[in-house]
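Below is one structure, written out as structure tokens; the observations come after it.
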Amino acid sequence: MYRFHHNIVDTQLFRQLQDLSTVLSGVSDLTFTYRFGSYIDIVDREVTASRMWDKAKFEYRVAGLKTDVYLRTIGTLSYTDVRAVQQYVEALNRFSLPKFGRNLFALLEDIRLEEQIKQERPGTKNVFLQRKSYLKHQFDKDRAAHVTRGLALDELFCLIYLRLQSDVAEPSFPMASEEQLDQLKRLAANLYEVFEAKSTSDIARICEQMLHVISETSHYDMIHDYFVLPIRHVHTFAKDTLFDELTRTDPLENDDKEELDEDKNEYIDETFSTWHRENENSDRKQTFLQFELEVGTKTNMKGNGARETEDGDQAMGTIQGAAGQTKNKDYSDLESLDKQENKQGQRAENVYGEENKDAVKLLKQAGAPTKSEVALYEAYVKDVEPYKRKLENILKKTIEHKQNAPRTNIMAGRLSRKLLPIVLDERPLIFYKKNEKSKEFDAAFTLLIDCSASMQGKMEETKRGVTLFHEVLKAFQIPHSIIGFWEDAMEVKEHYQPNYFHVIHAFTNSFYERNGPKIMQLEPQEDNRDGFSIRVATEELAVRREKNKFLLVFSDGEPAAANYNQNGIVDTNLAVMEARKQGIEVIGTFLANGEIGELEDHFMQNIYGRERILVPNVAELPEHFAPLMKKLLLKAL
């Protein structure tokens, strides 16, 4: 089973950073993610923010993550010279301090880009100020730790940052080692050149000069990494900037010419020109068709249908049509047919989300219950009987109250015999209506149960809660389905992630008397891909005719499956949001084995928002489940 670090992803912030990355870069398929260090990778279409900000307070974390995105998508993408970075990386091979050299270059280039971005977008000044404040505090704290541990070059790197970002001309550094303070003085002239640097080449030159000075006295490289090079796969690029790499045009695949024997070729040597200077486009209002071939062999076919290009011409004009009548005459906003087709193809391919493009839905039907399963189910029914009876009584009384509740003193209806309010009241209510029978529950439920391996030790109590769920809904003839889900980690291959859906009860057979014991067939299995499972359940619920649709998800932790670490939380949150947009109320139920900490609560909030239930002890599940069912069923009346 796959388990990863316990950093909780703030789904709203993550989506905001993803949108920033796409909009600021202008690259529609650029994805955002968290990594060690901030860089941009146009090969894999990825921009990252540093995990360094995870431990910061919320306002500093937001500022740090946003500035990481600004530095990469506004700064590095357009203003970092790729060739200069390539040359600097090669030059590092001549020095004995490669790690220090990489960190130094990344730091100084970020400082240069920061000034460029603030000048271009003044609205970013506040977040960069917060970034600076946090990093100054962090580097000062780390500097003191490096002094204690005797990490000379790590201490020097912190001193360099603090000197560059200091608000005074000659800052003091108490407890700093004399050797590193002397080294800092020798580097002072180079440091002040950083703020005059106009290009990446200037930064690279300054770094090399500093490395020459430091290499004379320091023979051991720094231990810690603070930054990484801002460009991933930098050695593979040929253009000057990443923006040029994104917009470059590759040469023709073939540039040959067809060879023909003119003696054996029958043709009429006559041309019909479609343009001459008499019909020159002087008024700039004529339109034209243009057909362009990028790949193919040149032929000697004559087609003098050319027209002279002019300054006002479009780069390309296309006309497309489709059968059908339109009410409007303006076609300027009509998307081209190939774009529409591509969009439809993308929707079909990623109907369950980008993170689940390799996930495969496999249905497993529950078998006939055994005698032992029947006996265990009957025991569970007895255990939950008090909760069931109490819940039934409350709901029946509510229904009866709605049937018998007086409907007098209303604004419209039949005229009452009590007309005195006409004289006494300013706004008399003298009408009534006949009582109408209360409607039945217009609702459908789906219960999704996490059957991952981590449910070991919790599944038996979970079955007890599911039994209550089934018995109450069956008593009121409310259609429902019960499904266990898991991903088989042992069968996962490249482009194949099998996800099993164990159908205990379907909507078509949820009222059958002998189907209850099938609940006992739920067992812990492998991994859990929650976002995919929620989308599959949403598909089935969305086509139901009931007015109220509820999806309850039972889980004991964050999603964990192949290639589904931090993105799993975001994907699950997106699945929940998509279901709610379709009118399905999604409630997450967290099953714990003791006291629930702030981390678990924050995790559930990131996925389900306010619609979440935290159960400290699985044995208490029926106690928590009964009030939830009461609330949902009363809503469905």
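Evaluate the following for Val360: is it among the β-branched types (Val, Ile, Thr), outside any helix (DSSP H, G or I) and under 26 Å from Ile519 (Cβ atoms)?
For Val360, the condition - among the β-branched types (Val, Ile, Thr), outside any helix (DSSP H, G or I) and under 26 Å from Ile519 (Cβ atoms) - is met.
Just name the residue that is farthest from Thr467 (Cα to Cα) out of those in region 506-539 that are free of Cβ contacts under 8 Å to residues at least 60 places away in the same chain, touching a strand residue (DSSP E or B) at 6+ places or on another chain (Cβ under 7 Å) and not in a helix (DSSP H, G or I). By that ranking, first place goes to Ala506.
The sole residue among Thr467, Thr446 that is part of a helix (DSSP H, G or I), among the polar types (S, T, N, Q) and under 41 Å from the mean Cα position of the chain (by Cα) is Thr467.
The residue list Ile613, Ile596 contains one member that is farther than 22 Å from Gln16 by Cβ, aliphatic (A, V, I, L, M) and without any contact (Cβ under 8 Å) to a residue 24 or more places away in the chain, which is Ile596. Tell me, please, whether a residue that is buried (at least 17 other Cβ atoms within 10 Å of the Cβ), in the same structural domain as Thr572 (by TED's automatic domain parsing) and farther than 30 Å from Met577 by Cα can be found in region 506-515. Yes - at least one qualifying residue is present in region 506-515.
Test Phe100 against the stated conditions and say whether it is more than 21 Å from Ser199 (Cβ to Cβ), in contact with a Ser or Thr (Cβ under 9 Å, 6 or more places away or on another chain), buried (at least 22 other Cβ atoms within 10 Å of the Cβ) and touching a residue at least 12 places away in the same chain (Cβ under 8 Å).
So Phe100 fits the description; yes.
Only one entry of Gly101, Gly123 meets the criterion of being among the small types (Gly, Ala, Ser) and over 18 Å from Asp221 (Cα atoms), and that entry is Gly123. When Thr33 is tested against the conditions (1) in contact with a strand residue (DSSP E or B) (Cβ under 9 Å, 6 or more places away or on another chain); (2) assigned to a helix (DSSP H, G or I); (3) surrounded by fewer than 22 Cβ atoms within 10 Å (Cβ to Cβ), the lone failure is (2). Filtering region 34-64 to residues that are under 17 Å from Leu77 (Cα atoms) and of a type in the set (Lys, Arg) leaves only Arg45.
Applying the criterion of at least 1 residues that are out of contact with any strand residue (DSSP E or B) (no Cβ under 8 Å at 6 or more places or on another chain), within 25 Å of Glu487 (Cα to Cα) and in the same structural domain as Gln525 (by TED's automatic domain parsing) to the strands (runs of 3 or more DSSP E) found wholly in region 547-637 leaves an empty list.
For region 7-43, how many residues meet the condition of being acidic (Asp, Glu) and either touching a His at 6+ places or on another chain (Cβ under 9 Å) or outside the structural domain of Arg72 (by TED's automatic domain parsing) (or both)?
The number of residues fulfilling the criteria is 2.
Do we have His495 as over 24 Å from the mean Cα position of the chain (by Cα) and not aliphatic (A, V, I, L, M) here? For His495, the condition - over 24 Å from the mean Cα position of the chain (by Cα) and not aliphatic (A, V, I, L, M) - is not met. With respect to Ile449, is the statement that it is crowded, with 22+ Cβ neighbours inside 10 Å and touching a residue at least 60 places away in the same chain (Cβ under 8 Å) true? The answer is yes for Ile449.
Taking (1) at pLDDT 80 or above; (2) in a helix (DSSP H, G or I); (3) among the hydrophobic types (A, V, I, L, M, F, W, C) in turn, Val351 satisfies each apart from (2). Is region 490-497 home to any residue that is aromatic (Phe, Trp, Tyr) and within 28 Å of Glu354 (Cα to Cα)? Yes, that holds for at least one residue. Scan region 553-586 for residues that are surrounded by fewer than 20 Cβ atoms within 10 Å (Cβ to Cβ) and more than 20 Å from the chain's Cα centre (by Cα) and the total you get is 2. One residue alone among Ile223, Ile203 is surrounded by 17 or more Cβ atoms within 10 Å (Cβ to Cβ), closer than 30 Å to Ile42 by Cα and not aromatic (Phe, Trp, Tyr), and that residue is Ile203.
The values are calculated or read from the model by the stated rules, or taken from the named source; none is laboratory data. Keep in mind that what you see is a predicted model, and the values were worked out from it rather than measured. Every residue, glycine as well, gets a Cβ built from its backbone with ideal geometry; the counts of neighbours run over all protein chains shown.
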